[in-house]
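What follows is a short report on a single structure.
The values are calculated or read from the model by the stated rules, or taken from the named source; none is laboratory data. In this text, all values refer to a predicted model and were calculated from it rather than measured experimentally. All Cβ positions, even for glycine, are placed from backbone atoms using ideal geometry, and neighbour counts span all protein chains on display.
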Amino acid sequence: MSKVTTLNEFIMARQADFPGASGELSRILNDIAVASKIVSRDVRRAGLVDHILGAQGETNIQGEEQQKLDVVADQQFIRVFESGGEVCGIASEENDDFVAFTDEHAKQGKYVVLFDPLDGSSNIDVNVSIGTIFSIYKRKSTRGSLATLEDMLQPGTEQIAAGYVLYGSSTMLVYTTGKGVNGFTLDPSIGEFCLSHPNMRTPETGRLYAMNEGNIDECDQGVKDYIRFCQQVHPDTNKPYSGRYIGSLVADFHRNLIKGGIYIYPATNQSPEGKLRLLYECNPLAMIAEQAGGLATTGANRILDIQPERLHQRVPFFVGSKQMVEKAMACVEAAKSVV
Ligand code: P6P
């Protein structure tokens, strides 16, 4: 039986990739792993422990009803970041404003973390996979001071690390520090994330497209043209592509990353800037996608190049296999030139 490599062993071994790194990033990644194990335990019990099922009754800045597990997960991640000493502040989907930690130790932290603690949480009650998405930046403000909004509003190209945790049939943590993508599966029998998907590469093309086609009438013509293209019989397979939409971003993204495919959440009449948030959903997944050989755009522009203006800013999101995203962008471009 081949030796199992735990996440901790992997991080330590790869620390050499960062000359001058004194382990802070490694500690943050380990902190994320610890919080994820706790959230995974709570997600697995969600159906049994009624105090965490059902809406918290509050609504977050997105106008979405907060499920209690959202709040539990958010607090779990904030707790590990605040106590770890490497992170001086956070921004999260569940918090209207960013949080600058006031503890003197935390204020010395070199990094900020932006995250969606439990994306797709409306699926909790029906036992569909959900996920955590995170993005790590070096702070721009002076160590020892309070984190600032400027620390949070950095373009995706400045990410030091990005990743997600998928609470699915198994719990997986997938991340990149800009030197490829690696996936780890939680082995509950030893409580460790173990390297299961080394050096993940997404297929250049694929046959799966993920979009909420209920929105099709509200989309621009180029999106309609691309979906129509997906639904045509293709000469190489004599079949159309397959529509696969779970309604949980991390689950749809992860499946496409492995099998090849495209996920599209375009601008619609309801959501003229798209639905997904740039800072803690699109940027981290865009970094993963590009590091695995895929693409991530707004349908026109590279996601990672966008200079954020607001914490909860939304953008249209086309992400996945390179050739599929390129084809979708070509449809969007072609539709613009049609008067
Ligand atoms: P719709 C979940 O709320 C989420 O942010 C993503 O996880 C998911 O892909 C998308 O929204 C689903 O949105 O409008 O299709 O229900």
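Some values worked out for this structure:
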quantity	calculated
Which numbered condition Phe101 fails, given (1) within 16 Å of Ala33 (Cα to Cα); (2) in contact with a strand residue (DSSP E or B) (Cβ under 7 Å, 6 or more places away or on another chain); (3) not small (Gly, Ala, Ser)	(1)
Filtered residue count, the range 73-126, keeping only those that are assigned to a strand (DSSP E or B) and either charged (D, E, K, R) or assigned by TED's automatic domain parsing to the domain that holds Tyr280 (or both)	2
Matching option when the condition is in a loop (DSSP other than H, G, I, E, B) and more than 16 Å from the ligand (Cβ to nearest atom), among Arg228, Arg310	Arg310
Residue among Tyr241, Tyr245, Tyr265 that alone is among the aromatic types (Phe, Trp, Tyr) and in contact with a Cys (Cβ under 8 Å, 6 or more places away or on another chain)	Tyr241
Qualifying residue in the range 264-279 (condition: outside the structural domain of Asp151 (by TED's automatic domain parsing), crowded, with 23+ Cβ neighbours inside 10 Å, modelled with pLDDT of 95 or more and more than 14 Å from the ligand (Cβ to nearest atom))	no
Odd one out for Glu65, checked against (1) at pLDDT 95 or above; (2) within 16 Å of the ligand (Cβ to nearest atom); (3) not polar (S, T, N, Q)	(1)
Members of the range 231-263 found to be outside any helix (DSSP H, G or I), at pLDDT 95 or above and out of contact with any Phe, Trp or Tyr (no Cβ under 8 Å at 6 or more places or on another chain), listed by number	Gln232, Val233, Asn238, Lys239, Pro240, Tyr245, Ile246, Gly247, Ser248, Gly260
Arg201 vs. criteria surrounded by fewer than 15 Cβ atoms within 10 Å (Cβ to Cβ), assigned to a loop (DSSP other than H, G, I, E, B) and either modelled with pLDDT of 95 or more or in contact with a Leu (Cβ under 8 Å, 6 or more places away or on another chain) (or both)	yes
